[in-house]
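Beneath this line is the structure, given in structure tokens, with notes to follow.
The values are calculated or read from the model by the stated rules, or taken from the named source; none is laboratory data. Predicted, not measured: the structure shown is a model, and the values here were computed from it. With ideal geometry, Cβ positions are generated from the backbone for all residues, glycine too; neighbour counts draw on all protein chains shown. We work out accessible area using only protein heavy atoms, side chains counted, and drop any ligands, DNA or RNA first. Shrake-Rupley method; radii C 1.70, N 1.55, O 1.52, S 1.80 Å.
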Amino acid sequence: MDLITKVRKKIRLTQEEGEALYELDLYTLGELADEIRKEKYGNKSYFNINRHINPTNVCADVCKFCAYSATRKNPHQYTMSHEKILEIVDNSVKNHAKEMHLVSAHNPNDGVEWYMGAFRKIKAKYPELHVKAMTAAEVDFITREYGHSYDEVLDMMIENGVDSMPGGGAEIFDEEVREYLCKGKVTSAQWLEIHEKWHQRGRESNATMLFGHVETRAHRIDHMIRLRNLQDRTGGFNAFIPLVYQRENNYMKNCNFPSGQEVLKTYAISRIILDNIPHIKAYWVTASINLALIAQEFGCDDLDGTIEKESIQSAAGSEGAHGMPLDDFVGLIKNAGFTPVERDSLYNELKVY
Ligand code: V47
């Protein structure tokens, strides 16, 4: 059976077949992914009203792609107090944010309570607010630095009010590429183990893939298939988020930056390969809003949210530093021909615009 027929018949693809998808022309691939997306969500494009908070840039790890982290010697390092974090949350709640997405660098200075206390205080003040926090890389860092097991850290997160886990820290699972990108950080097997343990607690999470640097197409397919295998066991992933590598101000210059076509192909292929992950998010901060909107025709059904402030990818050159006002966001989605649907963090529909 040829590849296109297999996709249309929803027969699961292998590593080799996933790689072969890249050889299809963009429009054929887009059409195949769009058929799947339309069958699931029709004309809807999902987003949420959220706030990204990055409470510290002080990091014990060194990832070549990162332009955000500061070592202990960096004069531009910062660590927010709980009061400062709560002040940000107060303002965002006034702006109708329903999700706080907290991602920190790996802070070796302030102890586990600095992390957990922030979640607890947010939840105590705003029980309805969804706290999405702690990438698997942070969980792993805390176990290494402060001597806890994964189970203990995950239980602490739940006790202190974390609702779901973001998908960060996955980067690229291939061990050789990972060794080059972020030696010493959470391994691929550990990243998957942490999400599995989280899912076993009845909780949901997302999964990212950082692409467009030194990895090959085969590495991307391998990354997707490792996620698909875990999802078969747990069903706990909500969304897959291919993050387009941003190239400024970091230590990685020898990269194969992807064309717009390559980015769109990767979105479309992820929609096809990941037959068991409900949502594919074109994170507008790394794709640019224009490409993220076009990606809604290439298999994606989600854009992330209004964000308010972004520090990680904007340090590396993205233009998403100040988020996007709700009216602009909704207007752009409508102009692109889609129906904007505000969702909560777990994809329950809140409002159709
Ligand atoms: O894991 C760091 C990435 C991630 C760069 O779960 C970079 O809904 C591009 O995971 N170029 C953190 N990316 C952010 C993240 C995320 C974002 C949006 C939504 C969700 C979700 C999760 O940022 C890290 C890393 O892969 N990152 N540097 C860079 N130069």
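Before moving on, here are some points about what is shown:
- Principal axis box of region 12-352, alpha-carbon based, largest edge first, Å: 52, 44, 38
- A Gaussian network model of the chain, with springs between Cα atoms under 10 Å, assigns the largest mean-square fluctuation among Q15, Q313, Q231 to Q15.
- For region 173-216, the residues whose backbone nitrogen is under 18 Å from a point 7 Å from the Cα of R12, taken along Cα to Cβ, are 196.
- For the chain, share of DSSP beta bridges that run antiparallel, in % to the nearest 5: 15 percent
- When the C-alpha to C-alpha distance is required to be over 27 Å, the pairs from K94/K132; K38/K94; K10/K281; K84/K197; K10/K44; K64/K123 that qualify are K38/K94; K84/K197; K64/K123.
- Modelled FRET efficiency - R0 25 Å, E319 with K40, Cβ distances, 0.05 increments: 0.25
- Surface per residue (accessible, 1.4 Å probe) for region 12-352, Å²: 39 Å²
- Distance from the alpha carbon centroid of region 206-266 to that of region 30-103 works out to 17 angstrom.
- Region 237-306: chymotrypsin sites (Phe, Trp or Tyr not before Pro) in DSSP coil with no more than 16 other Cβ atoms inside 10 Å: Y251
- Whole-number percent relative contact order across region 203-270, with pairs defined as alpha carbons under 8 Å at least 6 apart: 47 percent
- Shown for the chain: cysteine residues without a partner Cβ closer than 4.7 Å, namely C59, C255, C300.
- Relative to the longest principal axis of the Cα atoms of the chain, the long axis of helix 260-273 makes an angle of roughly 90 degrees.
- Just checking the listed ones, A292, A268, A70: in the Gaussian network model of the chain with Cα springs under 10 Å, the one fluctuating most is A70.
- Against the main long axis of the alpha-carbon atoms of the chain, helix 111-125 sits at an angle near 80°.
- On the chain, 50 percent of the accessible area sits on carbon and sulfur atoms, based on a 1.4 Å probe.
- Taking 0.36 nm per residue of separation and subtracting the current Cα-Cα distance, fully stretching the chain between H148 and E23 would add 40.4 nm.
- For region 245-353, the set of trypsin sites (Lys or Arg not before Pro) satisfying both a DSSP loop assignment and a count of at most 14 other C-beta atoms within 10 Å is given as K253.
- Helix 82-94 axis, angle to the chain major axis (alpha carbon atoms, nearest 10°): 50 degrees
- Two-site label geometry, A124 and D328: point separation in nm, points 7 Å out along Cα→Cβ: 3.7 nm
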